[in-house]
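Right, one structure below, let's go through it.
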Amino acid sequence: MCGIVAYIGHRDAFDIIVKGLKRLEYRGYDSAGVALMNGDLRVYKSQGKVSDLEAISEGKDRSGSTGMGHTRWATHGAPNNENAHPHVSQSGDISIIHNGIIENYATLKEGLIQRGHNFSSDTDTEVLVHLVEDIMDHSKLSFADAVRSALKQVIGAYAIVILSKNHPEHLIAARKGSPLVIGIGDGRGEYFFASDATPIVEYTKKVIYLKDGEIAIVENQEMIIKTIENVVQTPYIQELEMNLEQLEKGGYPHFMLKEIYEQPKSIFDSYRGRFDSATGEFHMRSIEEFGAKLKDIKRLILVGCGTSWHAGLVAEYLFEDFARLPVEVEYASEFRYRNPVLYSDDLVLAISQSGETADTLAAMDLAKRKSATVFGVCNVVGSSIPRLSDAGAYTHAGPEIGVASTKAFTSQVTVLTLLALGIAKLRGAMSIDKIAGVMQELEQIPEKIEKALSLNDEIVKLSEKYKDSRNFLYLGRGYNFPVALEGALKLKEISYIHAEGYPAAEMKHGPIALIDENMPVVVVATNSEHYEKVVSNIQEVKARKGVVIALVSEGNRMLDGLVDHVLEVPETIEPLSPLVNTIPLQLLSYHIAVMRDCNVDQPRNLAKSVTVE
Ligand code: AGP
């Protein structure tokens, strides 16, 4: 997700925009740019942070009381100067900034190229501003109507602001699927636009949250809001109550909680546009371009660290089940120092949120030196790991600010599920019907996660009860053994309570000696082929006075008399159950950490990206 700021009024636009973009850098900061109008239209943009934009525009004409700015979180096209926003039309007279994904940009671009348009970037956004100009060049439509006409051709999500040198009295903004807030200034034709209210709140508390499918047109100091179908709307102006710090976190007390609650959307963004569940078709470049290679690989080696390694453990079950492919999961830090035996028909797949983890990068480097094919599943576009990969897939989870990885984990598992299905299809290991069936269930997951999030209040009570425990044990089997590991990691890294995840069956080989009335044991006991075995493990814990918190499938009341607490989660097919079952464990770790006054977003001793050994 990117950050958008725009202004039209009587003040100096540049200062308002730059200050606002800095407030939005949490939304992504791989490049930044500004467009300013003062008789002419000037665009300054650069890779890097907003401070880099200030540096490159130093000494240049930064005048103008109309302007817009953008801080980018790359989705299409690597982070570089050419792909930075704002983008301009063929003539250079129209400029646009955009937050979102235009899914049909390639088709639109082809048509424009045939009509003589040349493009300087790889972005979907540049296509849109060329389309607006193309419509104006071939019709008598007004600037605003040309923008509406262009947006009606777009499939996907957008929040845009667009300016035209030939219409300096105009500023046009629109949204569909990506947020856009309008601040009502001092009544002298002053309006602020931004991705959220943080850049606006210091100037005005009166805001309008533009709705999906609406377009705001400021012309000669007057603003009108219409639908994309040209129906005038009566906007609802509300008074902001949150302070700046609350606003940056979207009203949540911590980035981590915000990111936990973003998961229905981040998982949707991870699979959006990548398959057709009616036909079982895939639309993933790595599968299309590397299909021949992927079909013939003999072994998959997954490398990662921490939570990403846990995603790899889930993927081990997925690739073995779906693609019947031998899989090894390696801590990158161990793999890089062993002398692993690799062959050219091995596929090494690196998993990383940041794309900069030193051990994972080193493991990839080793694999390349041993002539294996290297893929990457990563969240940060243009980071080192994708650049080192032969191919791969981005998770599109949006920036993850909290050090504890939450939405990145579920997005990694989502993308790994798609890759496992895609390779299963290439290898003929799974029928199209079965593949489509998994896809159709995956499309239900965002809603099931919404439901799992509704356990929050119950989990707050549990957290209150167990926040002073000194040790936790997390147990799971099969696909949910990695969920147990991930739940334990979440708890220990933000609450500093010692916690261990274990395969449930392994308990009798040691950990059962730890069980007593002071040891909460979290057991993932959702419906699965192992359910009865997990219940036996619970009985073993209870026989030793252990305290059991059981995750069960919705409606299963069979454990009520046996365990101390039951958390019912929506049922899904076992291969997708880690996506749902991890949610309550994230909430449990979050609330316990908050109750222990821990620094949830920046836990002690930890960094968001471990770029050193
Ligand atoms: C997980 O909550 C931690 N923040 C940490 O284990 C993290 O997963 C690990 O450092 C790997 O980071 P990466 O995904 O950016 O490579």
Suppose the filter is surrounded by 23 or more Cβ atoms within 10 Å (Cβ to Cβ), modelled with pLDDT of 95 or more, away from the ligand (no atom under 13 Å from the Cβ) and within 21 Å of VAL483 (Cα to Cα); does ALA323 pass it?
no
Of residues in the range 563-602 being modelled with pLDDT under 95 and either farther than 24 Å from VAL413 by Cα or of a type in the set (S, T, N, Q) (or both), the one surrounded by the fewest Cβ atoms within 10 Å (Cβ to Cβ):
ASN599
Checked the range 102-124 for anything outside any loop (DSSP other than H, G, I, E, B) and touching a helix residue (DSSP H, G or I) at 6+ places or on another chain (Cβ under 8 Å); matches are ILE102, TYR105, LEU108, LYS109, LEU112
Only unsatisfied item for LYS258, checking (1) in contact with an Asp or Glu (Cβ under 9 Å, 6 or more places away or on another chain); (2) within 19 Å of ARG23 (Cα to Cα); (3) not in a loop (DSSP other than H, G, I, E, B), is (1)
Find the residue count for the range 376-397, including only residues that are within 15 Å of the ligand (Cβ to nearest atom), outside any helix (DSSP H, G or I) and more than 19 Å from the chain's Cα centre (by Cα).
1
Note on ILE385: of the conditions (1) surrounded by fewer than 24 Cβ atoms within 10 Å (Cβ to Cβ); (2) modelled with pLDDT under 95, unmet is (1)
If ALA452 satisfies all but one of (1) touching a strand residue (DSSP E or B) at 6+ places or on another chain (Cβ under 8 Å); (2) closer than 22 Å to ALA391 by Cβ, what's the number of the condition it fails?
(2)
Within the group TYR337, TYR331, which residue is at pLDDT 95 or above and among the hydroxyl-bearing types (Ser, Thr, Tyr)?
TYR331
Members of the range 593-608 found to be part of a helix (DSSP H, G or I) and away from the ligand (no atom under 15 Å from the Cβ), listed by number:
VAL594, MET595
Of the residues in the range 324-351, how many are closer than 27 Å to MET430 by Cβ, in contact (Cβ under 8 Å) with a residue 40 or more places away in the chain and either basic (Lys, Arg) or not in a loop (DSSP other than H, G, I, E, B) (or both)?
7
Report yes if TYR252 is within 16 Å of the ligand (Cβ to nearest atom), surrounded by fewer than 19 Cβ atoms within 10 Å (Cβ to Cβ), closer than 23 Å to ILE494 by Cβ and of a type outside the set (S, T, N, Q), otherwise no.
no
So which of ALA424, ALA429 ends up being under 22 Å from ASP296 (Cβ atoms), more than 12 Å from the ligand (Cβ to nearest atom) and assigned to a helix (DSSP H, G or I)?
ALA424
Looking at the range 338-360, which of its residues are within 12 Å of the ligand (Cβ to nearest atom), of a type in the set (A, V, I, L, M) and surrounded by fewer than 23 Cβ atoms within 10 Å (Cβ to Cβ)?
ALA358
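Within the range 276-298, is even one residue within 16 Å of the ligand (Cβ to nearest atom) and in a helix (DSSP H, G or I)? Reasoning before the result, please.
Narrowing the range 276-298 to residues within 16 Å of the ligand (Cβ to nearest atom): none.
No, the range 276-298 contains no residue that is within 16 Å of the ligand (Cβ to nearest atom) and in a helix (DSSP H, G or I).
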Restricted to the range 281-294, and to residues that are over 24 Å from the mean Cα position of the chain (by Cα) and surrounded by 14 or more Cβ atoms within 10 Å (Cβ to Cβ), which residue is modelled with the highest pLDDT?
LEU294
All conditions in (1) outside any helix (DSSP H, G or I); (2) more than 30 Å from GLY3 (Cα to Cα); (3) within 12 Å of the ligand (Cβ to nearest atom) are true of GLU400 except (2)
Among the residues of the range 216-238, are any surrounded by 22 or more Cβ atoms within 10 Å (Cβ to Cβ) and among the hydroxyl-bearing types (Ser, Thr, Tyr)?
no
Mind counting the residues in the range 299-319 that are away from the ligand (no atom under 13 Å from the Cβ) and under 20 Å from the mean Cα position of the chain (by Cα)?
2
Condition first: within 15 Å of the ligand (Cβ to nearest atom) and touching a strand residue (DSSP E or B) at 6+ places or on another chain (Cβ under 8 Å). Now tell me which residues in the range 362-373 satisfy that.
ALA363, MET364
Selection count, the range 445-467, where residues are loosely packed, with under 14 Cβ neighbours inside 10 Å and touching a residue at least 24 places away in the same chain (Cβ under 8 Å):
2
From LYS211, LYS176, residue being in contact (Cβ under 8 Å) with a residue 40 or more places away in the chain, surrounded by fewer than 22 Cβ atoms within 10 Å (Cβ to Cβ) and basic (Lys, Arg)
LYS176
Strands (runs of 3 or more DSSP E) contained entirely in the range 1-93, each with at least 2 residues that are hydrophobic (A, V, I, L, M, F, W, C), touching a Phe, Trp or Tyr at 6+ places or on another chain (Cβ under 7 Å) and at pLDDT 95 or above:
3-8, 31-38
Boolean, ASN81 is touching a strand residue (DSSP E or B) at 6+ places or on another chain (Cβ under 8 Å), farther than 16 Å from ASN166 by Cβ and surrounded by fewer than 18 Cβ atoms within 10 Å (Cβ to Cβ):
yes
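The values are calculated or read from the model by the stated rules, or taken from the named source; none is laboratory data. Everything quoted here is computed from the prediction, not taken from an experiment. Glycine also receives a Cβ, built like all others from the backbone with ideal geometry; neighbour counts cover every protein chain displayed.
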